[in-house]
Each structure stands twice: as structure tokens, then as C-alpha cells.
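Asker: Structure below; questions to follow.
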Amino acid sequence: MTDTEFIAYAESVCFSRPWTAGDIAACADSPDGVCAVDEGVGYAFGRISFDEAELYRIAVLPDKRGRGAGSALLARFIQECTERGIVRIFLEVRSKNVPAAALYEKHGFKLISVRQGYYGDDDALIYECSINNG
Ligand SMILES: CC(C)(COP(=O)(O)OP(=O)(O)OC[C@H]1O[C@@H](n2cnc3c(N)ncnc32)[C@H](O)[C@@H]1OP(=O)(O)O)[C@@H](O)C(=O)NCCC(=O)NCCS
């Protein structure tokens, strides 16, 4: 199974609106893509634009959660961004997604904005992580 195939499978398990394999490959395989995969467990991917990056998705299969895998994947994503000269990472998450928000805050992300009603039934929280790349 390729990384893209695993991510597409995990997307279908973890999200009600999964990214397609084509969408995932267009991001993860592009020169601007940042992707960390722990096959059979989980993944994180996003995209770089100039000196900033956005984390699009991070997920761990339900039966693998709560054992540090999400934390390890986010650390790998941040490390790759750091090595590629990124100075800040942004992400957006549903306000009701308590596990994800706690994971981001544990890794130094700060809440910078709230988009009220962005998801219709939920607000979007915008987080930023500054990286000391000086
Ligand atoms: C968010 C997610 C990736 C966390 O993965 P995980 O492997 O379970 O996380 P870890 O075991 O590495 O936990 C790391 C930290 O996340 C937070 N966390 C994880 N699960 C949590 C829960 N159920 N409640 C509260 N905080 C939680 C904690 O801060 C935890 O640190 P701690 O163990 O020191 O308390 C996982 O819950 C998931 O895949 N969710 C569905 C997909 C999703 O919503 N992704 C985010 C939006 S793209």
C-alpha cells in the first residue's frame, strides 16, 4: 500500500468528508507538500507557501489513538517544516474537536482567531505555531 492509499483509507475511516486519493496525492506528492505517515497508524499532511505552512489534516486510526501516535506525527510535521525554513504554521479546527485542540496546544500552537459559525453547526478555531528559525 502506498502512503497515498493508506491516507485515503484512513481519511474514509476518520472523517465524514474524506479527501480523495487524487486530492491527497496532489498535496502530499507536490514539492510544497509536507507529509508524515506512520502506515497502519496515522498521518499528517499540509502545504508550504513561502515561509509559512498550513497543516491540513492529522489523524490516527480509532483503535490506535491515545498512545502517543498523533503527538509523534505532529512532531514530525513540525520538524520537517523547521528543516525547510518555515517560521510559522497555521491550522484550522472545529471548536468541538477537543482532542485535536489539546494536541495542538501541547505542541505550542496558540489560538489566534475564531470564525463564528464557519462550519454551520460549529465555529472554526485558527491556531498558529511560531518556529524560531532565526
Ligand atoms: C487528534 C488525534 C490525531 C490525536 O491522536 P492520538 O494518537 O490519540 O493522540 P496522542 O495519544 O498522541 O495524544 C497527544 C495529546 O493529544 C491530546 N489528546 C488526545 N486524545 C485526547 C482526548 N480524547 N481528549 C483530550 N485530549 C486528547 C492530549 O493533549 C494528548 O496529550 P497527553 O497524552 O499528554 O494528554 C486523534 O484523536 C484523531 O485522529 N482524531 C480524528 C481526526 C481529527 O479530528 N483530526 C484533527 C482535525 S484534521
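Read the figures in this text as sums done on the coordinates, not as results from a lab. Model, not experiment: these values are computed from the prediction. Note that each Cβ is placed from the backbone with ideal geometry, even for glycine, and that neighbours are counted across all protein chains shown.
Asker: Which one, 1, 120, 95, is farthest towards the positive end of the dipole of the chain when Lys and Arg carry +1 and Asp and Glu -1 on their Cβ?
Answerer: 95
Asker: Quick one: what Rg and Dmax do you get for region 52-124 from the alpha carbons, in Å?
Answerer: Spelled out, the Cα radius of gyration and Dmax of region 52-124 are 13.0, 38 Å.
Asker: Per the helix-only calculation at 222 nm, which mean residue ellipticity applies to the chain, given -39500 (n - 2.57) for every DSSP H run of n ≥ 4 and division by its residues, nearest 500 deg cm²/dmol?
Answerer: -10000 deg cm²/dmol
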